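Visitor: Below are the structure tokens for one structure; questions will follow.
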Amino acid sequence: MTTAPHHTSHAPRGTVVMALERCKGCGLCVPVCMPRVLEMTEERNAKGYVLPRLLDGCTGCRACADICPDYVFEVYRFDHVDALDALDADADADADADEVH
């Protein structure tokens, strides 16, 4: 799994769907991504433009969608984040308990 700086172990708070056929490879999305989960790749679309890749940890903040001149990003925020964080905490506690026994 590839990780980027500023990641947390919490459940993702959002995600994006990218219409990569629209992307022109400008890279404006990468520096505005505060959780640092977008990176440019060497992969190219049918038009020959380099493409961004989404890593784990999206917060659904919409910075990428707001700056993208080609409307590549469709952003989704998860409503059940608190429940997922609670499940993560419970799983961590169970794992710690199993190590003790």
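Visitor: Would you be able to tell me the number of residues in segment 16-32 that are within 15 Å of Tyr76 (Cβ to Cβ) and either buried (at least 17 other Cβ atoms within 10 Å of the Cβ) or in contact with a Gly (Cβ under 6 Å, 6 or more places away or on another chain) (or both)?
Guide: 2
Every residue, every condition in (1) under 14 Å from Arg13 (Cα atoms); (2) surrounded by fewer than 16 Cβ atoms within 10 Å (Cβ to Cβ), yes or no:
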site: Met34; (1), (2): yes, yes
site: Val37; (1), (2): yes, no
site: Glu43; (1), (2): no, yes
site: Leu51; (1), (2): no, no
site: Leu55; (1), (2): yes, no
site: Cys58; (1), (2): yes, no
site: Ile67; (1), (2): no, yes
site: Val72; (1), (2): no, no
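Visitor: Quick one: how many residues across segment 26-50 are in contact with a Ser or Thr (Cβ under 9 Å, 6 or more places away or on another chain) and farther than 18 Å from Arg62 by Cα?
Guide: Qualifying residue count for the region: 1.
Taken together, the values in this text are just the output of simple stated rules run on the coordinates, not laboratory data. Please read these numbers as outputs of a predicted model, since none were measured by experiment. So basically every Cβ, Gly included, is an ideal-geometry build from the backbone, and we count neighbours across all protein chains shown.
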